[in-house]
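Participant: Handing you a structure now.
The values are calculated or read from the model by the stated rules, or taken from the named source; none is laboratory data. Not measured: the values here are computed from a predicted model. Here the Cβ positions follow ideal geometry from the backbone for every residue, glycine too, while neighbour counts run over all protein chains shown.
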Amino acid sequence: MTAQERSENAIATRNFAELRDTLERLPPFEIGSLMCEMPAQNRVLAFRVLPRELAADAFEYLPFDIQQELLRSLGREEVAAILDEMAPDDRTVLLDELPGTVTNQLLNLLDPIERHVAMQLLGYPEGSIGRLMTPDYVRLRPDWKIDEALEHIREHGRDSETLNLVYVVDDDGKLIDEIRIRKILLAPTDSNVADVMDGTFIGLEAFDDQETAVEAMRRSDLTALPVTDSDGILIGIVTIDDILDVAQAEATEDIQKFGGMEALDEPYLKIAFSRMVRKRAGWLVVLFLGEMLTATAMGFFEKEIEKAVVLALFVPLIISSGGNSGSQAATLVIRAMTLTEVTLADWWRVVRREVFTGLALGSILGSIGFVRIALWSAFSNMYGEHWFLVALTVGISLIGVVLWGTLSGSMLPFILRRVGIDPATSSAPFVATLVDVTGLIIYFGIAMVILEGTLL
């Protein structure tokens, strides 16, 4: 019998001792997953039988809407106990998501010490590292003996967010090093903390953007990073679980923007219908107006199309190839920027690379287009007696349009980053729209040169 089945059976028979025993055998994240599957009334019962500390740990793994539901269902003392036991960083995320009046009510339920910590963290700007940090960590002094340090860790480590790393500060509280706990454990007990220091660490400042923490965590390969104020005083740490949440949120936002809309900022099934429409309609209108320029461009070449209707057959082929190549280039460059593989200073290297890439890709597609027209002309008269010139027009146009698409798609993120706009805004639909209009000009321009005196 699974834990979920045992829990449901215990609730149905009102055997709360068995329910408590079943849940206590599970890690907090599994309890959170189990509660998500329960009906609301059962969820409250299950939550109430948990020991206070385990309840707070499991609460942190619940989705925001279920957290809200439980806060409304539990009594004031139960809510206060949960909030007091929660990790400060997770509690800050919860309080930040709630309406201001509710946050103030919950703050008043906190123990005075925890309330001070919560107010301090909430005082940092939204989106800053200060909102992610926790003040629960272990500090050491460089002149302590290793056995003194171990005794201090035993005394204060229970309340620390993580014990993988400990931090060394001077008399003023200024961070001077971070040490992996294994160095402390393996060092001779009569040596000093300073003897296992190397003086190298990656630190963050509380007012830095949260994206800075993501990149720093990636480079450091650590599970926690120290956070200091502007004077270098250690005031907290940021752990990898919070950084992963930020990375996931940033990736989701970029993907949604690249899809040609504003970032939703809420789960898909939770966002209000009106907000969903507003966030998607804006870009659709912009793209629609942009595509209207395609019709204008077609109208400009109306006489050419009347003379050589065959040219209109390849318009979708030409503009889609340019849009696809542009979207590819934009995707690659934006991702490279996100991973800091490419910076603004690399724009010329990207141009040179994309010129050759665009020519190669365009040649591949142009050759396929030429061969396709040649094969069809061998068995039919679909493209007329000047099929070779039509095939040549399509082939050369594909080279030009694909080249232009790759250059446009790769350079647009640089331009947006340069003017301070998120490069993800250069979405695939936006690049495709841009290339559609210019692709038509390239196509008909080449056609006028090659087909002059024959079809035109």
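Participant: Name the residue that is surrounded by the fewest Cβ atoms within 10 Å (Cβ to Cβ), counting only residues in segment 108-144 that are in contact with an Asp or Glu (Cβ under 9 Å, 6 or more places away or on another chain), modelled with pLDDT under 85 and over 17 Å from ILE235 (Cα atoms).
Facilitator: The selected residue is GLU126.
Participant: Further question on the same structure: What pairs come up if the first residue lies in segment 16-29 and is in contact (Cβ under 8 Å) with a residue 12 or more places away in the chain and not assigned by TED's automatic domain parsing to the domain that holds TYR61, the second is of a type in the set (Asp, Glu) and loosely packed, with under 12 Cβ neighbours inside 10 Å, and their beta carbons are under 7 Å apart, counting only those six or more places apart or on different chains?
Facilitator: Going by the 7 Å Cβ cut-off, there are no qualifying pairs.
Participant: Tell me whether segment 317-331 contains one or more residues that are of a type in the set (A, V, I, L, M, F, W, C) and outside any helix (DSSP H, G or I). Steps first, answer last, please.
Facilitator: First, pick out the residues of segment 317-331 that are of a type in the set (A, V, I, L, M, F, W, C): 317-319, 329-330.
Restricting the remaining residues to those that are outside any helix (DSSP H, G or I) gives none.
There is no residue in segment 317-331 that is of a type in the set (A, V, I, L, M, F, W, C) and outside any helix (DSSP H, G or I).
Participant: Now for a different question. Of everything in segment 57-81, what is among the acidic types (Asp, Glu) and exposed (fewer than 15 other Cβ atoms within 10 Å of the Cβ)? Give them in sequence order.
Facilitator: Passing the criteria: ASP65, GLU77.
Participant: Report yes if some residue within segment 268-283 is surrounded by fewer than 19 Cβ atoms within 10 Å (Cβ to Cβ), part of a helix (DSSP H, G or I) and at pLDDT below 75; otherwise report no.
Facilitator: Quick first cut of segment 268-283, residues surrounded by fewer than 19 Cβ atoms within 10 Å (Cβ to Cβ) only: 268-283.
Next, only the ones that are part of a helix (DSSP H, G or I) stay: 273-283.
Narrowing further to those that are at pLDDT below 75: 283.
Yes: segment 268-283 contains one or more residues that are surrounded by fewer than 19 Cβ atoms within 10 Å (Cβ to Cβ), part of a helix (DSSP H, G or I) and at pLDDT below 75.
Participant: Let me ask another. Within segment 51-86, can you find the residues that are of a type outside the set (D, E, K, R) and not in a helix (DSSP H, G or I)?
Facilitator: Going through segment 51-86, the residues of a type outside the set (D, E, K, R) turn out to be 51, 54-56, 58-59, 61-64, 66-68, 70-71, 73-75, 79-83, 86.
Of everything in segment 51-86, those that are of a type outside the set (D, E, K, R) and not in a helix (DSSP H, G or I) turn out to be PRO51, TYR61, LEU62, PRO63, LEU74, GLY75, MET86.
Participant: Just one of ASP96, ASP89 is assigned to a helix (DSSP H, G or I) and touching a residue at least 40 places away in the same chain (Cβ under 8 Å); which is it?
Facilitator: Numbers: ASP96 fails: touching a residue at least 40 places away in the same chain (Cβ under 8 Å).
Sole residue among the options that is assigned to a helix (DSSP H, G or I) and touching a residue at least 40 places away in the same chain (Cβ under 8 Å): ASP89.
Participant: Continuing with the same structure: Working only within segment 17-56, note down all residues that are within 34 Å of the chain's Cα centre (by Cα), surrounded by fewer than 16 Cβ atoms within 10 Å (Cβ to Cβ) and hydrophobic (A, V, I, L, M, F, W, C).
Facilitator: PHE29, CYS36, ALA40
Participant: Give the residue that is farthest from VAL238 (Cα to Cα), with candidates limited to residues of segment 163-196 that are touching an Asp or Glu at 6+ places or on another chain (Cβ under 8 Å) and either among the small types (Gly, Ala, Ser) or outside any strand (DSSP E or B) (or both). Full working, then the answer.
Facilitator: First, pick out the residues of segment 163-196 that are touching an Asp or Glu at 6+ places or on another chain (Cβ under 8 Å): 165-168, 174, 176-177, 187, 189-190, 192-194.
Keeping just the survivors that are either among the small types (Gly, Ala, Ser) or outside any strand (DSSP E or B) (or both) gives 187, 189-190, 193-194.
Values: ALA187: 26, THR189: 29, ASP190: 31, VAL193: 23, ALA194: 24 Å.
This residue is ASP190.
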